[in-house]
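Here is the structure we will look at, set down as structure tokens.
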Ligand SMILES: [Cu+2]
């Protein structure tokens, strides 16, 4: 029993001390998406919020196991995917039909050809920027990969809430980005926890290619 108490003391002592030494500040807030007319959207999810520059955007390396953008139910899922530069994204086909994924965006051009159910390919994203992903077979399908230069990013939940934690103390520019309108920036001083709220205007429902396909 005594050893258990000592162990707990050690554990909690340790756990209490280490995060305090490592933890930075957090920036959190809410992103509201508005239609052009002014009405606010029911779903504010999928907005990427990121810090423009942290430590000169140097010294960050992508993990080995990259995230995926699946072709599923005739859509790219997730539709919006932020990744750290150097990340390989897997493109699995989960539909019982042949799909394709390609991009002609300057940040990454690729074409995965045709691939069927259960097949997958991966693409490494080496240049920061927005990459629009389409399917040659289904023009309505569109996905967006935002390649970022540091790992301080997140995506809003349905309520539009976000939080980026453990940022080293400093002054930063917070950016909120989505593919349907202009992104917005705000300055924050993260010598302590800060808040940054955004209000984005949705100028278009989707990319021009998808809109043409829907006509
Ligand atoms: Cu497709």
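Of all the listed residues (157, 166), the sole one being within 20 Å of the chain's Cα centre (by Cα), surrounded by fewer than 13 Cβ atoms within 10 Å (Cβ to Cβ) and touching a residue at least 60 places away in the same chain (Cβ under 8 Å) is 166.
Scanning region 128-149 for residues that are under 15 Å from the mean Cα position of the chain (by Cα) and surrounded by fewer than 21 Cβ atoms within 10 Å (Cβ to Cβ) turns up 128, 129, 130, 132.
Quick check on residue 44: is it in contact (Cβ under 8 Å) with a residue 60 or more places away in the chain, part of a loop (DSSP other than H, G, I, E, B) and either more than 16 Å from the ligand (Cβ to nearest atom) or under 22 Å from residue 198 (Cβ atoms) (or both)?
Working: in contact (Cβ under 8 Å) with a residue 60 or more places away in the chain: yes; part of a loop (DSSP other than H, G, I, E, B): yes; either more than 16 Å from the ligand (Cβ to nearest atom) or under 22 Å from residue 198 (Cβ atoms) (or both): yes.
Against the criterion (in contact (Cβ under 8 Å) with a residue 60 or more places away in the chain, part of a loop (DSSP other than H, G, I, E, B) and either more than 16 Å from the ligand (Cβ to nearest atom) or under 22 Å from residue 198 (Cβ atoms) (or both)), residue 44 qualifies.
Filtering region 65-86 to residues that are within 27 Å of residue 181 (Cα to Cα), part of a loop (DSSP other than H, G, I, E, B) and more than 9 Å from the ligand (Cβ to nearest atom) leaves 67, 69, 73, 78, 79, 85, 86. Go through the residues of region 87-110 one by one and say whether even a single one is at positive phi, within 16 Å of the ligand (Cβ to nearest atom) and exposed (fewer than 14 other Cβ atoms within 10 Å of the Cβ). Within region 87-110, none of the residues are at positive phi, within 16 Å of the ligand (Cβ to nearest atom) and exposed (fewer than 14 other Cβ atoms within 10 Å of the Cβ).
Scanning region 119-143 for residues that are within 11 Å of the ligand (Cβ to nearest atom) and either out of contact with any helix residue (DSSP H, G or I) (no Cβ under 7 Å at 6 or more places or on another chain) or not assigned by TED's automatic domain parsing to the domain that holds residue 100 (or both) yields 133, 135, 136, 137, 138, 141, 143.
The values are calculated or read from the model by the stated rules, or taken from the named source; none is laboratory data. Small disclaimer: the values here were computed from a predicted structure and weren't measured. Glycine gets a Cβ as well: all are built from the backbone with ideal geometry, and neighbour counts include every protein chain shown.
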